[in-house]
1. Determine, from the Cβ-Cβ distance of PHE17 and ASN192 and an R0 of 41 Å, the FRET efficiency 1/(1 + (r/R0)^6), rounded to the nearest 0.05.
2. How much FRET efficiency would the formula 1/(1 + (r/R0)^6) give for ASP207 and HIS36, where r is the Cβ-Cβ distance and R0 is 45 Å, rounded to 0.05?
3. Along the charge dipole of the chain, Cβ charges K/R +1 and D/E -1, which of HIS36, ILE140, LEU172 sits furthest on the positive end?
4. Between ALA61 and residues 5 or more places away or on another chain, which pairs have amide H atoms under 5 Å apart, with H built 1.01 Å from N, and which residues are they?
5. Could you list which residues have their amide H under 5 Å from that of ALA236, counting only those 5 or more apart in sequence or on another chain, with H placed in the peptide plane?
6. Compare ALA102, ALA134, ALA63 in a GNM of the chain, Cα atoms joined below 10 Å, and give the one with the largest fluctuation.
7. Compute the FRET efficiency between GLU71 and LEU111 as 1/(1 + (r/R0)^6), taking r as their Cβ-Cβ distance and R0 = 35 Å, and round to the nearest 0.05.
8. Restricting to the chain, compute how many DSSP beta bridges are antiparallel as a %, nearest 5.
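The values are calculated or read from the model by the stated rules, or taken from the named source; none is laboratory data. Computed from a predicted model, the values in this text were never measured in an experiment. Heads up, the Cβs are rebuilt from the backbone with ideal geometry, glycines too, and the neighbour counts pull from every protein chain shown. Ligands, DNA and RNA are stripped out before the accessible areas are found, and what is left, the full protein with its side chains, is counted by its heavy atoms. Shrake-Rupley method; radii C 1.70, N 1.55, O 1.52, S 1.80 Å.
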Amino acid sequence: AAKQSGKNRCATYDASFDERVQRHNDIMKKLRGAIHRGELDVVYQPIFSRTEDGDLNVEGAEALVRWRHPELGSVSPAEFIPAASEAGLTHDLAVWMVGRVARQLSQWRELAPALWISVNVSVKELHTYRFAQAVSELLIEHGIRPNRLVIEVTEHDFSTQVATLIAQLSALRGTGVSIALDDFGAGYSSLNQLDRLPIDIVKIDRDLVAKDDGGLGDLAPVIIDLGDRLGLTVIAEGVETSRQLELITARHSPLLQGYLLAKPMGASEFEAGLPGKDAQRATERSAPRAAA
Ligand code: C2E
Ligand code: MG
Ligand code: MG
Ligand code: MG
């Protein structure tokens, strides 16, 4: 590329820019029918607790959407979620995800009565109260208690006034589902959100957990401690090395999620890894819930 003339370089840049715009538009167009064509799927990434002896127990799972298009191949949610948002499809996607998860929970009711599952939702979705309504209806339809479901929202797409956001999250939380603040510590996180928002769980972003050398980020223990003090359940995301695992559990006991422990997987693989009914300790546990 360094040998290219200025003119060519310019042409190359334009072409790839055009390509990106075209792909984005293409994705937006194709995404509209994706749900109905059955192109979307859900994978589950286990979330573990760790005992003092070092045993790992599955407490819950994060549901992550996957899209396999016949021509585009598999498209990462990091790429198509923004397109979904622009195409006005966040409601359809969120409702579809909650429906799938509720159905899955009902299928696993016998096998894993204490399991909870989290679903990611764009904050945009909260602008309408019909989401809380839709969630309630889907849970009733599948006979699932709301304390089996967690809704994850990401701080970086908070564009709303905090007061509005608090009202919206409260309405959702009022249905009995738990709320997780996702990707905390990525970008410009505001510490006082932790204190002000009606949330139950804080998920510490991978960037805070992982150092390039495989060690633990210096701020991770501080944020875990802060979450603990505020009465929140802390989940450390993106645990990739055993060194991170050891350091992060040395003084605290956050819940753990990351490639070291388990990658996202299809429902049947997840099911195969569940300990089975007899091994479930307390069937009355619910998804993490903060006091107030
Ligand atoms: P997220 O909610 O923070 O989800 C965690 C992402 O990190 C997932 O990527 C997961 O596969 C990945 N991950 C988990 N453990 C590790 C690890 O140890 N190392 C590394 N490098 N990565 C790890 P995924 O599935 O590609 O999703 C990316 C993002 O797309 C999610 O980030 C979430 O913001 C969004 N997303 C996924 N599914 C949905 C959905 O159904 N609805 C909405 N609105 N957003 C979704
Ligand atoms: Mg998430
Ligand atoms: Mg996250
Ligand atoms: Mg993340």
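1. Computed FRET efficiency for PHE17 and ASN192 comes out at 0.55.
2. Numbers: r = 36 Å, r/R0 = 0.80.
The value I calculate is 0.80.
3. Toward the positive end, the furthest listed residue is HIS36.
4. Under 5 Å from the amide H of ALA61: ILE47, TRP116, ILE117, SER118.
5. Hits under the 5 Å cutoff: ILE204, LEU255, LEU256, GLN257.
6. Top of the fluctuation ranking is ALA134.
7. 0.40
8. Given both bridge residues lie in the chain, the antiparallel proportion sits at roughly 45 percent.
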